[in-house]
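Structure record follows, encoded as structure tokens.
Where a number appears in this text, it was derived from the coordinates with a stated rule and is not lab data. All values derive from a computational prediction rather than experimental measurement. All Cβ positions, glycine included, derive from the backbone under ideal geometry; neighbour counts span all protein chains shown.
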Amino acid sequence: MSSKLIGKQTFALWNPPSFAGHACAVGKKEGDGPLRDSFDFITQDPFFGEKSWEKAESAFVKKAVSLALAKASLAPTDVNCVFCGDLLNQCTGTTFGMRELGIPMFGVYGACSTMAETLALAALTIDGGFTDKAMAVTSSHFCSAERQFRTPLEYGGQRPPSAQWTVTGSGAAILSIDGPGPYVKFVTPGKIVDNGTTDANHMGAAMATAAYDTIKTHLEDRGVGPDAYDLIVTGDLGAIGSRILCDFFAADGVDLAPRHADCGLLIFDRKKQDVHAGGSGCGCSASVLCGYLLNGMREGKWRNILFTATGALLSPTTTQQGESIPSIACAVAISCDK
């Protein structure tokens, strides 16, 4: 039996699933940014009509999922399973957001890499013949993430220049065994990489090594260079991590910069919006993918994208114990050609 594994850790999908529907819902700050026109829904209320930040995050999930289903002309019962996750303990943002829909669910935690991981798992499940339709959903909320990982907003703690702003929003993508594309063609799951960074406000530096490892492995496994893709998108290294990533490739004699973009830099205008090193959070790469990137592919702006979401696998406990920050990156190759 022929293997779908090529090279060290890349899977080639023999029956590439198509994006049947995708949507994103975001908050006011995201809606004030440069990608405003690509979002399906923007709310001016960070509470989204709810009584807590955590409930608001779940409301974003419900909104993104309902919009994606509507765009795909599907009911919840038409989707065989959903892979979802967020930044909160026990992934309660997506769990509570999905609980009324009755879709069989797999909870996933990969920190900010979760959108790529859920998308990869959904695609592999369809390609393996286990389902016809699967969904990938992630979310984050600035206020719930600050309370989870750093300090509640009421504390008024100062953020250093290296800090990134967690995106308030959710993205949902539905994959189907049939459809006109774009298609998921390759998946490269990442390894846990730890470069010794211990500063929880310096996550771009912590994640850059993982992004480099996964992207380099993917390109080597396929035997191609960066020019195989119109865009190699990371999420979310921010300004500092993006520079480090390009420096790593430059040391190899590879100029990644002309092909590289980062979701954390795309979603906000750092000159006009006070987000320090850029955006972050599960909702960052999810909102950019399910809006700007996939819309651009459908419009013919790009034909091939390598979507590589990155995650810092820390917790408040490990940070307080002086542990370094393990990171991971998952790459998903998306193409308009099946």
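Once you order the gyration tensor axes a ≥ b ≥ c over the Cα atoms, which shape class does region 42-121 get: rounded for a/c under 1.5, otherwise prolate or oblate by comparing a/b with b/c? Note, shape of region 42-121 comes out oblate. The lysines whose alpha-carbon is closer than 23 Å to the alpha-carbon of K29, local same-chain residues fewer than 8 away aside, are K51, K55, K62, K63, K271, K272. Give me the net charge of S285's neighbourhood, meaning all other residues with Cβ under 12 Å from the Cβ of S285; Lys, Arg count +1, Asp, Glu -1. Computed value for this residue: -3.
Near Q9, no amide H atom lies under 5 Å from its own; only residues 5 or more places off or on other chains count, and H is placed 1.01 Å from N. Think of each Lys and Arg Cβ as +1 and each Asp and Glu Cβ as -1; about the Cα centre, that makes the dipole of the chain roughly 300 debye. Roughly how far apart, in whole Å, are the Cα centres of region 190-224 and region 5-48? What the calculation gives is 21 Å, centre to centre. Under 22 Å Cα-Cα from K338, which lysines qualify once same-chain neighbours fewer than 8 residues away are excluded? Partners found: K4, K71, K133, K185, K301. Structural descriptor for region 107-232: relative contact order 22 percent, calculated from alpha carbon pairs under 8 angstrom and at least 6 residues apart. About its Cα centre, region 5-176 has a charge dipole of approximately 180 debye under the convention of +1 per Lys or Arg Cβ and -1 per Asp or Glu Cβ, with nothing else charged. Taking the charge dipole of the chain about its Cα centre, with +1 at Lys and Arg Cβ atoms and -1 at Asp and Glu Cβ atoms, the residue from A277, F47, P180 reaching farthest to the positive side is P180. Mean separation of Cα pairs under 8 Å and 6 or more residues apart, divided by the residue count, gives the chain a relative contact order of 25 percent. By the Cβ distance rule (another cysteine Cβ under 4.7 Å), the unpaired cysteines of the chain are C81, C84, C91, C112, C143, C246, C263, C282, C284, C330, C336.
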